[in-house]
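To start, the structure itself, in structure tokens.
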Amino acid sequence: MAKCALAIGGTGARCLEALVHLCAIGMGPEELFVLVLDPDESNGNIGILRDVITKYQDCRERLGSGATIFKTKIEYCTEKLSWSPAKPRERLIDCFDYPTLKARPQEKILADICDLLYTNSELKLEMDKGFWGHATIGAPIMARLKKEFKEANEAHSHANNSVGNPWRMMRNKIEEDLHGGVGGAHLFLFGSIFGATGASGLPAAGKILRDVLGKEVHIGGAFLLPYFGFAKQESRNVSDVISLSEDFFHKTKIALQYYSDIWGLESQGSPFDNVYLIGETELGMRQGDEQRPYAGGGPEQNNYAHYIELMAALAAIDSFHTERNFNAEQGSKIIRECTIARNANSVIEWSDLPESGLRERLVIFTTLAFAFRNFYHPLIMKEYINRSLRLFPWYVDHFDRKEIFDPNKMNAVNGYFKDFLEWLYRIHHSAQVDLRLLNRNILRKSRESTENGEPYKSLADYEFKDLLSDTKGACSHGYDILWQELCGLEKIKIEPYSCEGKLLYLLYLASQRFCNQNYQFVQNTTGGQT
């Protein structure tokens, strides 16, 4: 049944993007409703997320819902993927009605408290571009979530119309699972606790949602500790409201101490059933890799994808599979603790990741992505080839002669694979730690070949079959063996919604067989649309 994911701030949006890619490779739930909570609705991270989801949905529409890949039905409110608690150009002095407080003698003490808690620059900061790394600015604004969600909850009891209201739509999804779903209702929150939007919104949203939804809903949360840094601004005024990487660990220490104080040592007072603390000890990037530029907000805040966000997405998958552990008689939660850590300080290998099935799924899907982009997409898109498809055995066996590939739909599928491979490249070049998952050099070469146009066999045959960093391919050839596997597929019942979907599914099955042979994976024996 449907699960709900709430991303708070730009970091949350990046984690949600990683979750979308996990859904693409077949690891997601049946249905997923997503929502981003951010005062900066023009945030570049949200724009990237919206684009990736749109391309994902298009691939799923092409393929149909029967196959393993793109199986998750991802939904969000059509009116808006993100919701802002701040009004356009709103400032704290507007929120507190500061001029009125200052002018009334009996309320001047409240204005004095504002002066004590906030600098003049903070009071006058326009918050529709975010909170600029200052969680104290966001805290009073995030409190509005309680009113918003309570109104959505009350409206749900009177009408089931959720058009244009993301909170009511999320409430409807949760209600459906509570009264008819298998496994109960699950909600998962992503956010950083070292910045501003996540730090001010994550605990507040968890508490508010728990109070409104009650004890039956399973709520999990990924609390992202510091895991990236960015270049300093060359010059600034001392009164500027900015965020500094060197403050991240200090902010995190204070936040964790605060949560410990208000929730108790055993977390019985926590609104979360599962809390995942995920971070990195080194905030820099490898020498020679691209650096994160500083951006105060808006479209320029396009953060470099990071492997820690993949870890957060895996935490969401784990939480979705966790049953609600609550002792109704004692009124307390049953705490489940787990700790993971990498074996070596400077290296991350497959064995360091908490999900054992990720390796096979990711490699098979990456093989599919490279094969489609580097070979089959350019092959089919060439007009002279399009007239000769009947000469290919795989086309004769599985396609009607009247079936024609739509260039726009082929380009749409190709667009998602391009974003997916770019995401893979970035998470492999995101930190000083050495990710020994996929072959970094191949990811880099493929990316560089696409900068000046679409690739055509941009990866050599020996490169295509050596996508893993820890295992050399066993096959003597790559593209040729995959072609043979595609031609050798038996006729099976496939009911996708399009000609392009049929090709995508067949190529996935061929990629699965190729990887089983090339990397010695366990052969899938379930048959059909697995």
Residue pairs within 6 Å by beta carbon, gap of at least six or interchain, first lying in segment 470-483 and at pLDDT 90 or above, second in a loop (DSSP other than H, G, I, E, B), listed first then second, are Cys475/Lys465; Gly478/Lys465; Ile481/Cys475
Per the list (1) in a strand (DSSP E or B); (2) modelled with pLDDT of 90 or more, residue check on Leu435 breaks on (2)
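Looking only at residues in segment 33-50 that are over 20 Å from Phe188 (Cα atoms) and over 12 Å from the mean Cα position of the chain (by Cα), which one is surrounded by the most Cβ atoms within 10 Å (Cβ to Cβ)?
So, considering only residues that are over 20 Å from Phe188 (Cα atoms) and over 12 Å from the mean Cα position of the chain (by Cα), the one surrounded by the most Cβ atoms within 10 Å (Cβ to Cβ) is Asn43.
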Given the criteria touching a residue at least 24 places away in the same chain (Cβ under 8 Å), of a type in the set (Val, Ile, Thr), under 23 Å from Asn303 (Cα atoms) and surrounded by fewer than 23 Cβ atoms within 10 Å (Cβ to Cβ), does Ile93 qualify?
no
Taking segment 460-512 and keeping only residues that are over 15 Å from Ala67 (Cα atoms) and of a type in the set (D, E, K, R), one is left with Asp461, Glu463, Lys465, Asp466, Asp470, Lys472, Asp480, Glu485, Glu490, Lys491
If you go through Ile137, Ile141, the only one that is assigned by TED's automatic domain parsing to the domain that holds Ala315, within 22 Å of Leu16 (Cβ to Cβ), at pLDDT below 75 and assigned to a helix (DSSP H, G or I) is Ile141
Restricted to segment 392-432 and to residues being closer than 20 Å to His21 by Cβ and part of a loop (DSSP other than H, G, I, E, B), the residue modelled with the highest pLDDT is His429
For Glu403, the lone unmet condition from (1) in contact with a helix residue (DSSP H, G or I) (Cβ under 6 Å, 6 or more places away or on another chain); (2) buried (at least 19 other Cβ atoms within 10 Å of the Cβ); (3) more than 28 Å from Thr281 (Cβ to Cβ) is (2)
Note: among Ile193, Ile219, Ile208, just one is closer than 22 Å to Glu280 by Cβ and at pLDDT 80 or above, namely Ile193
Counted residues in segment 270-291 being polar (S, T, N, Q) and modelled with pLDDT under 70 come to 2
Residues of segment 36-86 being among the small types (Gly, Ala, Ser), within 26 Å of Gly201 (Cα to Cα) and at pLDDT below 80, in sequence order, are Ser42, Gly44, Ser82, Ser84, Ala86
Taking segment 81-96 and keeping residues assigned to a loop (DSSP other than H, G, I, E, B) and in contact with a Leu (Cβ under 9 Å, 6 or more places away or on another chain) leaves Leu81, Ser84, Pro85, Arg91, Phe96
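The values are calculated or read from the model by the stated rules, or taken from the named source; none is laboratory data. What you see is a predicted model; the values in this text were computed from it and never measured. Note that we place each Cβ from the backbone using ideal geometry, even for glycine, and neighbour counts take in every protein chain shown.
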